[in-house]
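Novice: Please find one structure pasted underneath; my questions will follow.
The values are calculated or read from the model by the stated rules, or taken from the named source; none is laboratory data. Predicted model only: the values in this text are computed from it and were never measured. Here the Cβ positions follow ideal geometry from the backbone for every residue, glycine too, while neighbour counts run over all protein chains shown. Only protein heavy atoms, including side chains, enter the accessible area calculation; ligands, DNA and RNA are left aside. Shrake-Rupley method; radii C 1.70, N 1.55, O 1.52, S 1.80 Å.
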Amino acid sequence: MRAAIQSIVRATPAWPIYPLGMIPILWLYYLGLTGSLGVEPVEVIEHRLGLWGLWLLLAGLTITPLMRHARINLIKYRRAIGVMAFVYILVHLLTWAILDVQSLDRVWADIVKRPYITVGMAGFALMLPLALTSNNWSVRRLGSAAWKRLHWLVYPTVLLGAVHFVMLAKGFQLEPLLYLAGTVVLLGFRVPWQRFRLFSFRQAAQ
């Protein structure tokens, strides 16, 4: 099974993720323009774009655990997935600012006064350097080690996105909490537990 998956991966390039990833955005706006999203189409578009962005961020986080624990190597898709996550979050933000709030003063006031928006904007701010350096030129310019350290920002970015979703929910809702739990679990896979165990062993030996 693993060999079959890897054979498919080798034969499937990453570039189709970009055009295919744009289809849900265009489809959502088409549904909104044709009155198929109910009485609050902008709100529906905002929510779904944000959810898609979170899905893609989580999908990017699953690539390393799959490689380490299931020996399924999807690493060549990670950059495209990350870029599309940024695109969805950017369009989510623009939809909120331009179609929903419709005022630069109100946008800034909401960022300052509404904690869930503050958290969401913090996550978006962390995504900016990730998006700007998601290219081979930046890897060469920064050097591999510095580039990797910079892209550790993806971890607080995803966590802030999940927290934003929880804070956005009205009342107790299970779905946002499940996303937050899933985020914590995936981040837990990235913690170098082996180093902690080795450090504890050395401390005990002393």
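Novice: Which FRET efficiency, nearest 0.05, do E40 and V185 yield, Cβ-Cβ r, R0 30 Å?
Specialist: Numbers: r = 33 Å, r/R0 = 1.09.
Efficiency at R0 = 30 Å is approximately 0.35.
Novice: Right, something else. Using 15 Å as the cut-off for backbone N distance, which residues of region 17-52 belong to the label zone defined by a point 7 Å from the Cα of Y116 along Cα→Cβ?
Specialist: 43-51
Novice: On a full-extension model of 0.36 nm per residue, what is the gain between I5 and L178, subtracting their alpha-carbon distance, rounded to one decimal in nm?
Specialist: 59.5 nm
Novice: Rolling a 1.4 Å sphere over the protein heavy atoms, what is the accessible area per residue of the chain, to the nearest Å²?
Specialist: Details: 13100 Å² over 206 residues.
Ligands and nucleic acids excluded, the figure is 64 Å² per residue.
Novice: Mind ordering 55-61, 105-111 by average Cβ neighbours within 10 Å, highest first?
Specialist: Working: 55-61: 20.1, 105-111: 13.6.
Highest to lowest by the protection proxy: 55-61, 105-111.
Novice: Helix-only mean residue ellipticity at 222 nm, the chain, DSSP H runs n ≥ 4 weighted -39,500 (n - 2.57), per residue, nearest 500. What is it?
Specialist: On the way: 11 runs with 160 residues, N = 206.
Computed mean residue ellipticity for the chain: -25500 deg cm²/dmol.
Novice: Let me ask something else about it. Suppose the chain between A146 and K170 were pulled fully straight at 0.36 nm per residue; how much longer would it get relative to their current alpha carbon spacing? Provide the component values of the computation, followed by the final result.
Specialist: Values: separation 24, 0.36 × 24 = 8.64 nm, distance 4.04 nm.
Once the chain is fully extended between A146 and K170, it gains 4.6 nm.
Novice: Excluding same-chain residues fewer than 8 positions from K113, which aspartates and glutamates have a Cα within less than 13 Å of its Cα?
Specialist: Partners found: D105.
Novice: Shifting gears a bit: Within the chain, what whole-number % of the accessible surface is contributed by carbon and sulfur, with the 1.4 Å probe and all protein chains included in the calculation?
Specialist: The nonpolar share, carbon plus sulfur, comes to 69 percent.
Novice: I need the shape label for the chain. Rule: rounded when a/c is under 1.5, else prolate if a/b > b/c, else oblate, with a, b, c from the alpha carbon gyration tensor.
Specialist: Details: a/c = 1.82, a/b = 1.42, b/c = 1.29.
Here the chain falls in the prolate category.
Novice: What number, in percent, do you get for the relative contact order of the chain if the mean sequence gap of Cα pairs under 8 Å and at least 6 apart is divided by its residue count? Before the final figure, lay out the partial values.
Specialist: Working: 159 pairs, mean separation 39.0, N = 206.
Rounded, it is 19 percent for the chain.
Novice: Would you kindly work out the equivalent ellipsoid of region 68-149 from its C-alpha gyration tensor and give its semi-axes, the square roots of five times the eigenvalues, largest first in whole Å? Can you show the working numbers first?
Specialist: On the way: eigenvalues 198, 45, 30 Å².
Each semi-axis is the square root of five times an eigenvalue, giving 31, 15, 12 Å.
Novice: Can you tell me the length gained on complete extension of the stretch L26 to H47, counting 0.36 nm per residue apart and subtracting the Cα distance?
Specialist: Numbers: separation 21, 0.36 × 21 = 7.56 nm, distance 1.48 nm.
Result: 6.1 nm gained on full extension.
Novice: Hey, another quick one. Once both axes come from the Cα atoms, what is the angle between helix 2-11 and the longest principal axis of the chain, in degrees from 0 to 90, rounded to 10?
Specialist: Helix 2-11 sits at roughly 60 degrees to that axis.
Novice: Let me ask you something else. Give me a comma-separated list of calculated 3J(HN,Hα) values for region 43-57, in order, Karplus coefficients 6.51, -1.76, 1.60 applied at θ = phi - 60°, integers in Hz, x for any Gly or Pro.
Specialist: Residue by residue, region 43-57 yields 4, 5, 4, 3, 4, 5, 5, x, 5, 4, x, 5, 4, 5, 4 Hz.
Novice: Order of 41-48, 65-72 by packing, highest average Cβ count within 10 Å first? Please list the in-between numbers first.
Specialist: Numbers: 41-48: 17.8, 65-72: 13.0.
Descending mean neighbour count gives 41-48, 65-72.
Novice: Taking the chain as the reference, fit the longest principal axis to its C-alpha atoms, fit the long axis of helix 78-94 to the helix C-alpha atoms, and give the angle between the two in degrees, 0 to 90, nearest 10.
Specialist: Helix 78-94 sits at roughly 30 degrees to that axis.
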